[in-house]
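Enquirer: So that we are looking at the same thing, I have put the structure below in C-alpha coordinates.
The values are calculated or read from the model by the stated rules, or taken from the named source; none is laboratory data. It should be emphasised that the depicted structure is a prediction, and the values quoted were computed from it without experimental measurement. Glycine also receives a Cβ, built like all others from the backbone with ideal geometry; neighbour counts cover every protein chain displayed. The protein model used for the area step is the full one, side chains on, heavy atoms only, and it has no ligands, DNA or RNA in it. Shrake-Rupley method; radii C 1.70, N 1.55, O 1.52, S 1.80 Å.
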Amino acid sequence: APAHAVETLPTAPRADLRLATWNLEWLIAPEDFRGLAKSCVPRGAPRGPARRSIPCNVVDRLERSSIDFRALAAVSRELKADVIALQEVDGPRAAKRVFRDHDFCFAADEGVQKVGFAIRRGLPHRCLPDFIELSLGGRVRRGAVIVLYPDDPREMYLMAVHLKASCPRRALDDPNPNCATLAKQVPILEAWIDEQAAAGR
(Lines give C-alpha, C1' and ligand atoms only; values in the text may rest on other atoms or scores of the structure.)
Protein backbone atom coordinates (compact mmCIF):
# COMPACT_ATOMS: atom_id res chain seq x y z
CA ALA A 1 0.00 0.00 0.00
CA PRO A 2 1.20 3.55 -0.58
CA ALA A 3 2.84 5.18 2.44
CA HIS A 4 0.08 7.75 2.77
CA ALA A 5 -2.76 5.22 2.87
CA VAL A 6 -4.73 5.06 6.12
CA GLU A 7 -6.65 1.94 7.05
CA THR A 8 -10.22 2.67 8.08
CA LEU A 9 -12.42 0.25 9.92
CA PRO A 10 -15.97 -0.26 8.71
CA THR A 11 -18.50 1.48 10.91
CA ALA A 12 -22.24 1.16 11.13
CA PRO A 13 -23.93 3.93 9.17
CA ARG A 14 -25.57 6.64 11.24
CA ALA A 15 -29.04 7.76 10.35
CA ASP A 16 -29.31 11.39 9.34
CA LEU A 17 -30.23 13.48 12.35
CA ARG A 18 -31.58 17.01 12.46
CA LEU A 19 -30.36 18.77 15.61
CA ALA A 20 -31.48 22.14 16.91
CA THR A 21 -31.06 24.31 19.98
CA TRP A 22 -33.68 26.68 21.36
CA ASN A 23 -33.63 29.09 24.30
CA LEU A 24 -37.32 29.48 25.19
CA GLU A 25 -36.78 32.32 27.69
CA TRP A 26 -38.53 31.40 30.94
CA LEU A 27 -40.92 28.83 29.45
CA ILE A 28 -43.14 27.81 32.35
CA ALA A 29 -46.50 26.01 32.28
CA PRO A 30 -49.27 28.59 32.91
CA GLU A 31 -50.48 27.03 36.18
CA ASP A 32 -46.92 27.03 37.56
CA PHE A 33 -46.24 30.54 36.27
CA ARG A 34 -49.26 31.93 38.12
CA GLY A 35 -48.09 30.35 41.37
CA LEU A 36 -44.56 31.71 41.00
CA ALA A 37 -45.83 35.16 40.05
CA LYS A 38 -47.42 35.59 43.49
CA SER A 39 -43.99 35.55 45.15
CA CYS A 40 -41.86 37.08 42.39
CA VAL A 41 -38.54 38.68 43.29
CA PRO A 42 -38.35 42.48 42.72
CA ARG A 43 -35.44 43.85 40.68
CA GLY A 44 -32.31 44.15 42.81
CA ALA A 45 -33.73 42.13 45.72
CA PRO A 46 -31.90 39.00 46.87
CA ARG A 47 -33.55 35.82 45.63
CA GLY A 48 -33.63 34.30 49.12
CA PRO A 49 -33.61 30.59 49.92
CA ALA A 50 -36.31 29.61 47.38
CA ARG A 51 -34.61 28.22 44.28
CA ARG A 52 -37.92 28.14 42.40
CA SER A 53 -38.55 31.83 41.93
CA ILE A 54 -38.91 34.26 39.05
CA PRO A 55 -38.13 37.98 38.79
CA CYS A 56 -41.10 40.33 38.79
CA ASN A 57 -40.03 41.79 35.43
CA VAL A 58 -40.47 38.30 33.95
CA VAL A 59 -44.02 38.25 35.34
CA ASP A 60 -44.70 41.58 33.65
CA ARG A 61 -43.53 40.57 30.17
CA LEU A 62 -43.37 36.79 29.76
CA GLU A 63 -46.64 35.23 30.86
CA ARG A 64 -47.57 33.01 27.89
CA SER A 65 -51.16 32.65 26.74
CA SER A 66 -52.66 29.61 25.02
CA ILE A 67 -52.13 31.50 21.74
CA ASP A 68 -48.41 31.86 22.55
CA PHE A 69 -48.07 28.15 23.25
CA ARG A 70 -49.83 27.27 19.99
CA ALA A 71 -47.46 29.58 18.09
CA LEU A 72 -44.40 28.00 19.76
CA ALA A 73 -45.74 24.52 18.95
CA ALA A 74 -46.12 25.55 15.30
CA VAL A 75 -42.47 26.66 15.22
CA SER A 76 -41.39 23.35 16.78
CA ARG A 77 -43.19 21.45 14.00
CA GLU A 78 -41.52 23.61 11.35
CA LEU A 79 -38.10 22.75 12.82
CA LYS A 80 -38.64 19.06 11.96
CA ALA A 81 -35.78 18.39 14.39
CA ASP A 82 -35.09 14.94 15.83
CA VAL A 83 -33.37 16.39 18.90
CA ILE A 84 -33.68 19.89 20.32
CA ALA A 85 -31.34 21.08 23.07
CA LEU A 86 -33.44 23.34 25.28
CA GLN A 87 -32.55 26.23 27.57
CA GLU A 88 -34.70 28.11 30.10
CA VAL A 89 -37.53 25.57 30.24
CA ASP A 90 -39.20 24.55 33.50
CA GLY A 91 -39.08 20.82 32.75
CA PRO A 92 -41.37 18.41 30.91
CA ARG A 93 -44.69 19.94 31.97
CA ALA A 94 -43.85 23.17 30.14
CA ALA A 95 -41.99 21.47 27.28
CA LYS A 96 -44.79 19.10 26.29
CA ARG A 97 -47.02 22.09 25.50
CA VAL A 98 -44.57 22.99 22.71
CA PHE A 99 -43.04 19.64 21.69
CA ARG A 100 -46.03 17.31 21.49
CA ASP A 101 -44.40 14.30 19.79
CA HIS A 102 -41.24 14.20 21.86
CA ASP A 103 -39.78 12.58 24.94
CA PHE A 104 -37.77 14.68 27.39
CA CYS A 105 -34.58 14.58 29.43
CA PHE A 106 -33.97 17.53 31.75
CA ALA A 107 -31.28 18.44 34.26
CA ALA A 108 -32.51 17.84 37.78
CA ASP A 109 -31.71 21.20 39.36
CA GLU A 110 -34.41 23.02 41.33
CA GLY A 111 -34.60 26.28 39.39
CA VAL A 112 -37.10 27.07 36.65
CA GLN A 113 -34.51 27.81 33.94
CA LYS A 114 -33.49 24.22 33.23
CA VAL A 115 -31.53 22.80 30.34
CA GLY A 116 -32.63 19.60 28.69
CA PHE A 117 -33.62 17.85 25.49
CA ALA A 118 -36.75 17.19 23.47
CA ILE A 119 -36.21 13.91 21.57
CA ARG A 120 -38.45 12.76 18.74
CA ARG A 121 -40.55 9.88 20.01
CA GLY A 122 -39.19 6.58 18.71
CA LEU A 123 -35.55 7.73 18.48
CA PRO A 124 -33.53 5.37 20.72
CA HIS A 125 -32.03 7.33 23.59
CA ARG A 126 -31.25 7.27 27.28
CA CYS A 127 -31.18 10.13 29.78
CA LEU A 128 -27.83 10.17 31.60
CA PRO A 129 -26.85 11.78 34.92
CA ASP A 130 -26.41 15.54 34.87
CA PHE A 131 -22.96 16.94 34.16
CA ILE A 132 -22.71 18.61 37.55
CA GLU A 133 -19.09 19.77 37.24
CA LEU A 134 -20.23 22.47 34.81
CA SER A 135 -22.28 24.07 37.62
CA LEU A 136 -19.14 25.06 39.57
CA GLY A 137 -20.47 23.73 42.85
CA GLY A 138 -24.09 24.64 42.15
CA ARG A 139 -23.43 28.33 41.40
CA VAL A 140 -24.51 28.12 37.74
CA ARG A 141 -26.41 25.69 35.51
CA ARG A 142 -25.35 22.07 35.12
CA GLY A 143 -25.37 20.23 31.78
CA ALA A 144 -28.08 17.78 30.67
CA VAL A 145 -26.66 14.69 28.94
CA ILE A 146 -28.23 12.06 26.70
CA VAL A 147 -26.95 9.18 24.62
CA LEU A 148 -28.57 8.47 21.27
CA TYR A 149 -28.57 4.88 19.97
CA PRO A 150 -27.40 3.51 23.34
CA ASP A 151 -25.44 0.24 23.29
CA ASP A 152 -25.17 0.47 19.50
CA PRO A 153 -22.10 1.20 17.33
CA ARG A 154 -23.81 4.45 16.31
CA GLU A 155 -24.14 5.77 19.86
CA MET A 156 -23.38 9.44 20.38
CA TYR A 157 -23.46 11.63 23.45
CA LEU A 158 -25.00 15.09 23.48
CA MET A 159 -24.96 17.72 26.21
CA ALA A 160 -27.35 20.68 26.47
CA VAL A 161 -25.72 23.67 28.13
CA HIS A 162 -26.62 27.20 29.14
CA LEU A 163 -23.27 28.70 30.05
CA LYS A 164 -22.84 31.77 32.25
CA ALA A 165 -24.40 34.78 30.56
CA SER A 166 -23.59 38.51 30.72
CA CYS A 167 -20.14 38.27 29.19
CA PRO A 168 -20.96 39.25 25.60
CA ARG A 169 -18.14 40.35 23.32
CA ARG A 170 -15.62 40.43 26.16
CA ALA A 171 -12.38 38.51 26.64
CA LEU A 172 -12.55 35.68 29.17
CA ASP A 173 -9.89 37.44 31.28
CA ASP A 174 -12.07 40.57 31.52
CA PRO A 175 -12.52 41.72 35.16
CA ASN A 176 -16.30 41.28 34.79
CA PRO A 177 -17.16 38.50 37.34
CA ASN A 178 -19.49 36.85 34.82
CA CYS A 179 -16.55 36.45 32.43
CA ALA A 180 -14.47 34.92 35.23
CA THR A 181 -17.24 32.37 35.83
CA LEU A 182 -17.51 31.57 32.13
CA ALA A 183 -13.72 31.19 31.93
CA LYS A 184 -13.92 28.51 34.65
CA GLN A 185 -16.60 26.62 32.72
CA VAL A 186 -14.70 26.55 29.42
CA PRO A 187 -11.96 24.00 30.31
CA ILE A 188 -14.52 21.75 32.03
CA LEU A 189 -16.66 21.69 28.91
CA GLU A 190 -13.63 21.24 26.64
CA ALA A 191 -12.49 18.23 28.70
CA TRP A 192 -15.94 16.62 28.35
CA ILE A 193 -15.93 17.19 24.59
CA ASP A 194 -12.42 15.74 24.28
CA GLU A 195 -13.44 12.67 26.28
CA GLN A 196 -16.42 11.99 23.99
CA ALA A 197 -14.36 12.58 20.85
CA ALA A 198 -11.64 10.20 22.06
CA ALA A 199 -14.31 7.54 22.66
CA GLY A 200 -15.68 8.02 19.13
CA ARG A 201 -19.07 9.20 20.34
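Enquirer: When you count, for each residue, the other Cβ atoms within 10 Å and take the mean per peptide, how do 82-93, 22-33 rank with the highest first?
Expert: 82-93, 22-33
Enquirer: Let me ask another. At R0 = 41 Å, how high is the FRET efficiency between Glu195 and Cys40 if r is their beta carbon distance? Nearest 0.05 is fine.
Expert: My answer for the efficiency is 0.55.
Enquirer: A further question follows. Using a 1.4 Å probe over the heavy atoms of the protein chains, calculate the carbon and sulfur portion of the accessible area of the chain as a whole percent.
Expert: About 54 percent, which is the carbon plus sulfur part of the accessible surface.
Enquirer: Now for a separate question. Average the reciprocal distances over every distinct pair of alpha-carbons in the range 161-201, invert the result, and give the Kirkwood radius in Å.
Expert: 11.2 Å
Enquirer: While we're looking at this one, here's another question. In terms of the ratio Rg/(2.2 N^0.38 Å) built on C-alpha atoms, what value belongs to the range 78-165?
Expert: Cα Rg divided by the expected 2.2 N^0.38 Å: 1.06.
Enquirer: Which of the three applies to the chain, rounded, prolate or oblate, going by the alpha-carbon gyration tensor with a ≥ b ≥ c and a/c under 1.5 meaning rounded?
Expert: oblate
Enquirer: What whole number of Å gives the distance from the Cα centroid of the range 115-161 to the Cα centroid of the range 59-74?
Expert: 27 Å
Enquirer: Further, regarding this structure: Per DSSP H run of n ≥ 4, the term is -39500 (n - 2.57); total these for the chain, divide by its residue number, and report the mean residue ellipticity at 222 nm rounded to 500 deg cm²/dmol.
Expert: Taken over the chain, the calculation gives -8000 deg cm²/dmol.
Enquirer: I've got another one for you. Give, to the nearest whole percent, the P(r) tail of the range 118-161 beyond 17 angstrom, counting all Cα pairs.
Expert: 38 percent
Enquirer: Run the paramagnetic zone check for Lys96: 7 angstrom along Cα to Cβ, then residues of the range 138-173 with backbone nitrogen under 15 Å.
Expert: Flagged as within label range: none.
Enquirer: Moving to a separate point now. Pop a pseudo-label 7 angstrom from the Cα along the beta-carbon direction at both Asp173 and Asp60 and give the gap in nm to one decimal.
Expert: Modelled inter-label distance: 4.0 nm.
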